[in-house]
Amino acid sequence: MEKWARALYTPCLPLGDNRSLITGCEKHIQLSRQAAAEGTVLLKNNNGLLPFAKGTKVAVFGCGQIDYIKGGGGSGDVHTAYVRNIYEGLKLKKGYINVFDELSLFYQGYVEEAYKNGASMGMFEEPPVSEELVQKAKDFTDTAIIVIRRYSRENFDRKNDGTDDYFYLSEMEQKMVEAVKANFEHIVVLLNVGAMIDTAWLAYEDGIEAAFSIWQGGMEGGLATADILTGEVNPSGKMVDTCVKSFDDYPSSEGFHESADYVKYTEDIYVGYRYFETIPGKKDCVVYPFGYGLSYTTFHLSEMQACSIGNKIILSVTVTNTGDVSGKEVVQVYYSAPSAKLDKPARELCGFAKTKELAPSESQVLTITYDVNDMASFDEHGVIAKSAFILEKGEYKIYVGADVRSAKAIEYTYVVDEDRVTEQLHSYCAPENLDKRLKADGAYDTIECKPAVRTEFPCEYKCAEKPEKMYRLIDVAEGKIDLDTFMAQLTDDELIYLVGGHPNVGVANTSGFGCLGLYGIPPIMTADGPAGVRINRPTGVLTTAFPVATAIACTWNLELMEEIGKAGALEVKENNLHIWLTPALNIHRSPLCGRNFEYFSEDPFVSGKMAAAKVNGIQSQNIAATPKHFACNNKETNRKNSDSVVSERALREIYLKGFEICVKESKPKTIMTSYNIINGVRASENTELLEGILRGEWGFDGMVTTDWHTRAEHCKEVLAGNDLKMSRGDEPNLKEAMENGRLTREELCVCVKRILEMILWLE
Ligand code: BGC
């Protein structure tokens, strides 16, 4: 195909077999179903209740069986041909599972009526169920399924205040659960949620024999759940967040809704399991630890061995299926670092691998390799060496197992003889307003707040000579002229035009950029993710909705993530779009963040690995991936003006770490800055973040785009190295800045060059 043919001509060229459409095709839908089943986490299975025996009769309670939440809302929503709910999924297993229809049809009527009366998506209460109907259900079966659903979306956070019961069950949900407990002998709970919610009510209740987190599983989520209940798929999902007894147990809970203007990350590096496994007394708060998940079979880990070769630790472990049915297991590797001088979490994840489907008695040897330097900590204050990653002297213990709590120390220990600087970095993005931070002993350090000195990055770009004749961008692609010379022929106004977004072409609905016909610069269009390609409904294009990011992370299956990335990229390409605005990898700091479903985990290692796998899948198709939102967008309330106040160490080890892994392992072509402020400076105006850390220290060589319609000033964004302002540029602001000398042509050229380099990479 001619270069940029899809951008220029928007042809109708399907990418499937025999010229069939690949967008929303059966193969992608089956991939979505597979991922939904594989991300399902079995939390509890007492008395071997599950999988259901053939012929089991069930009565299903809860609106979520009909009003199944396939994913969250806002830009992360996906328009599909259909969404298979749980009732439909179970009905497709008729003969194996028989559903008490009258009860499900009661819920169906209630849900339809609620929407007819204007209810908001997934946000209306459970109805009371008449005693008569409960009695009929009881006459039909002794086995009940309860579905609890939760919905959330961008630009809004959930609460826990009686009007919005996100974490705990609402009063009506509690009544439903009580009624079911009083009438049914066997109970299975399904949590159709996008983030952690209360699990204590089901974990410690003997009357509830089994429970799953089925997450928000995309368009085939209901059928995937049925696949698991019948045992056609053996659950192998593992939690990527810690489930605790009380909302107040999360260290972020105290200050989450304290102010719309700021969030103080006072728990510092002790996020998620790092908090619960380290801080004295907090282990008892945990209901289900990070990494936890059951199977219908059992596994035994043996022959755990490790050695170091050069700077790598190589670990091998044999996994044997010791049960009666086939299944997959995830092996997780954690380390604990010595902490004589720098505070350290008790456990940190540094590697994982998943087996293939192992038949009963079958074994597989898994090899997990990681870099010794991955165990280093950031020395923000110069206890050993300021602004450096340090391997502190002492013993690094390694733990291997199937979750953070049960992972056992192996015999091998990595020893560091002297404190070692693994990377000398810089003091960037320092807080000015963080007055306390948590330490490993559970006490808080008080910190003196002082104004930070921000580093400047002078522009070193030199404009080339204007060529004698006119060239088009294709001439650069064909090597007839270099990019600097090409840019020399553009006027200042044309450069300004190129650093801003432009209206949609074709089926795009999130705008594009480029599009300077005179010079043959094609219009390049974007599309949202992460759970699929978001194309607006009026176009008639229906795409595949995959499970939300949290669900996919729970698969711990990087190949699967890569495959989904590739499948989504093909849907992007078939629709003549070029940039997929995914993956999103902010950290699950609080269960209430409205966008948790779009993000992977509380842990930066899982997040970074998943993001890298997705980017690799996407970019294998010459579609540019856009990891977002860089960085610290862990709350939605007032997201365009809220200051995330965070220590340099927590930034480096938690909030930036996933992005760092992703950038280094998959070289994304673009990255999206977040709306929020980080330690007093807006992310998109943050030179230290973009020029200092992202480009200078990590070697990112792609294009940086803003999030859509930031409150930041365009001139400051250009100066900070945020190349593109979406969805529109602020041309008057840039012209004025050039006139009064705040912005030079050279500075503008730096951003335009990165945008054009990205376009040149596209097909
Ligand atoms: C979201 C981004 C999204 C963009 C374009 C913003 O509101 O924060 O994640 O990619 O819109 O739709």
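Points worth noting:
- Options PHE605, PHE597; residue that is in contact (Cβ under 8 Å) with a residue 12 or more places away in the chain, within 16 Å of the ligand (Cβ to nearest atom) and of a type outside the set (Asp, Glu): PHE597
- Residue within the range 588-599 that is in a helix (DSSP H, G or I) and of a type in the set (S, T, N, Q) present: yes
- Where helices (runs of 4 or more DSSP H) sit wholly within the range 57-175, those with at least 1 residues that are small (Gly, Ala, Ser), away from the ligand (no atom under 16 Å from the Cβ) and out of contact with any strand residue (DSSP E or B) (no Cβ under 6 Å at 6 or more places or on another chain) occupy 86-91, 101-116.
- Residue-level analysis places LYS54 outside the set of residues that are at pLDDT 95 or above, in a helix (DSSP H, G or I) and farther than 18 Å from ILE86 by Cβ.
- Taken over the range 671-716, the criterion of being surrounded by fewer than 24 Cβ atoms within 10 Å (Cβ to Cβ), polar (S, T, N, Q) and within 15 Å of the ligand (Cβ to nearest atom) is satisfied by THR710 alone.
- The set of residues in the range 539-548 that are free of Cβ contacts under 8 Å to residues at least 60 places away in the same chain and within 16 Å of the ligand (Cβ to nearest atom) contains only THR539.
- Put simply, of LYS640, LYS635 the only residue that is within 16 Å of the ligand (Cβ to nearest atom) and in contact with an Asp or Glu (Cβ under 7 Å, 6 or more places away or on another chain) is LYS635.
- Where helices (runs of 4 or more DSSP H) fall wholly inside the range 446-544, the ranges with 3 or more residues that are surrounded by 20 or more Cβ atoms within 10 Å (Cβ to Cβ) are 492-498.
- Filtered residues of the range 415-449 (kept if touching a strand residue (DSSP E or B) at 6+ places or on another chain (Cβ under 7 Å) and over 30 Å from ASP249 (Cβ atoms)): VAL415, VAL416, ASP419, ARG420, VAL421, THR422, GLU423, GLN424, LEU425
- Qualifying helices (runs of 4 or more DSSP H) (wholly inside the range 187-256; at least 1 residues being polar (S, T, N, Q)): 221-230, 253-256
- Residue within the range 624-632 that is out of contact with any Leu (no Cβ under 9 Å at 6 or more places or on another chain), in contact (Cβ under 8 Å) with a residue 60 or more places away in the chain, within 13 Å of the ligand (Cβ to nearest atom) and not β-branched (Val, Ile, Thr) present: no
- Among the residues making up the range 588-602, those that are over 19 Å from LYS245 (Cα atoms) and not polar (S, T, N, Q) are GLY594, ARG595, PHE597, GLU598, TYR599, PHE600.
- Looking across LYS735, LYS716, one residue alone is basic (Lys, Arg), modelled with pLDDT of 95 or more, part of a helix (DSSP H, G or I) and more than 16 Å from TYR497 (Cβ to Cβ). It is LYS716.
- Verdict on ASP165 being without any contact (Cβ under 8 Å) to a residue 24 or more places away in the chain and farther than 21 Å from ASP77 by Cα: yes
- Filtered residue count, the range 641-671, keeping only those that are among the small types (Gly, Ala, Ser) and more than 17 Å from the chain's Cα centre (by Cα): 4
- Residues that are surrounded by fewer than 19 Cβ atoms within 10 Å (Cβ to Cβ), of a type in the set (S, T, N, Q) and touching a residue at least 40 places away in the same chain (Cβ under 8 Å) within the range 322-337 comprise just one, SER326.
- Checking every residue in the range 393-404 against the condition of being over 30 Å from SER236 (Cβ atoms) and small (Gly, Ala, Ser) gives at least one match.
- Those strands (runs of 3 or more DSSP E) of the range 319-421 in which 3 or more residues are modelled with pLDDT under 95 and in the same structural domain as VAL606 (by TED's automatic domain parsing) are absent.
- Whenever a residue of the range 72-85 is small (Gly, Ala, Ser), its partners that are more than 16 Å from the ligand (Cβ to nearest atom), lying with C-beta atoms within less than 8 angstrom and at least six residues away or across chains, give the pairs GLY72/TYR151; GLY72/GLN216; GLY73/MET121; GLY73/TYR151; ALA81/GLY24; ALA81/MET219; ALA81/LEU542.
- Test for ASP441: is it surrounded by 15 or more Cβ atoms within 10 Å (Cβ to Cβ) and of a type in the set (Asp, Glu): no
- The residues listed here are GLU380, GLU392; of these, the one that is at negative phi and out of contact with any strand residue (DSSP E or B) (no Cβ under 9 Å at 6 or more places or on another chain) is GLU380.
- Each residue in the range 321-346 was checked for being more than 27 Å from ILE384 (Cα to Cα) and charged (D, E, K, R), and 3 pass.
- Test: LEU495 is touching a helix residue (DSSP H, G or I) at 6+ places or on another chain (Cβ under 7 Å), closer than 21 Å to LEU8 by Cα and modelled with pLDDT of 95 or more: yes
- Test: residue in the range 580-588 that is at pLDDT 95 or above, more than 13 Å from the ligand (Cβ to nearest atom), farther than 22 Å from ALA260 by Cβ and out of contact with any Cys (no Cβ under 7 Å at 6 or more places or on another chain): no
- Evaluating PRO668 against the criteria (1) within 16 Å of the ligand (Cβ to nearest atom); (2) surrounded by fewer than 19 Cβ atoms within 10 Å (Cβ to Cβ) leaves one unmet condition, (2).
- Qualifying residues in the range 264-305 (those that are under 18 Å from VAL606 (Cβ atoms) and in a strand (DSSP E or B)) - the one nearest to the chain's Cα centre (by Cα): TYR288
The values are calculated or read from the model by the stated rules, or taken from the named source; none is laboratory data. Model, not experiment: these values are computed from the prediction. All Cβ positions, glycine included, derive from the backbone under ideal geometry; neighbour counts span all protein chains shown.
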